[in-house]
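Each value in this text was obtained by applying a stated rule to the coordinates, not by laboratory testing. The structure displayed is predicted, hence computed values, not measured ones. Here the Cβ positions follow ideal geometry from the backbone for every residue, glycine too, while neighbour counts run over all protein chains shown.
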Amino acid sequence: MPTVTVPGVRQGDPEYATINLSYQTQQNANIAMQLLSQIYAAAADGTLTVKNDSDAPTPGPNGEIIKEFTIGNKDGIQNTGTTEGTVPAGYLGIADAFTNQVSEIVGAPGQTMKPWSPAAACISSRTVGPGR
């Protein structure tokens, strides 16, 4: 199974924890990597801020350009933490780090996300249904 690595919360300077997501096909993994291109670039530049659900955000050492929201990556440990989360406004990427259980991610009140919007992308290795 192809694997895609997503930056998680920061653990040092400039190290990010990693979230490894496995996909059924290489095509799906390639789509995930394309969606993550801006997040990868911000991590490399040190301008990525990552927030795991109720944890405090961990800003990059060079300021904040792009924000990523994760669930299931408490303290940088994949598959840990709450299974429900509300994404604050202004986050470009949403990474569901759970590989072993169902989680629910919703937007803040008044916030909408269009499917495959260039302004936001949800990355998950599990198949999700409409409205999720």
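Computed quantities for the displayed model
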| quantity | calculated |
| --- | --- |
| Integer Hz, Karplus 6.51/-1.76/1.60 couplings in order for segment 41-48, x for Gly and Pro | 5, 5, 5, 5, 7, x, 10, 9 |
| Residues whose placed amide H lies under 5 Å from that of residue 107, excluding near-sequence neighbours | 87 |
| Hz values of 3J(HN,Hα) by residue in segment 95-101 - Karplus curve (6.51, -1.76, 1.60), Gly and Pro given as x | 10, 8, 7, 6, 10, 10, 7 |
| In Hz, Karplus ³J(HN,Hα) per residue of segment 59-64 (6.51, -1.76, 1.60; θ = phi - 60°; x = Gly, Pro) | x, x, x, 10, x, 10 |
| For residue 17, residues with placed amide H under 5 Å, excluding near neighbours | 8, 9, 10, 11 |
| Tensor-based shape of segment 1-116 (alpha-carbon gyration tensor, a/c under 1.5 rounded, otherwise prolate or oblate) | rounded |
| Relative contact order (%) - segment 3-123, alpha-carbon pairs under 8 angstrom, separation at least six | 21 percent |
| Amide H contacts of residue 95 (H built 1.01 Å from N, under 5 Å, at least 5 apart or other chain) | 69, 70, 71, 123 |
| Debye, to nearest 20: dipole size of segment 1-111, +1 on Lys, Arg Cβ, -1 on Asp, Glu Cβ | 140 debye |
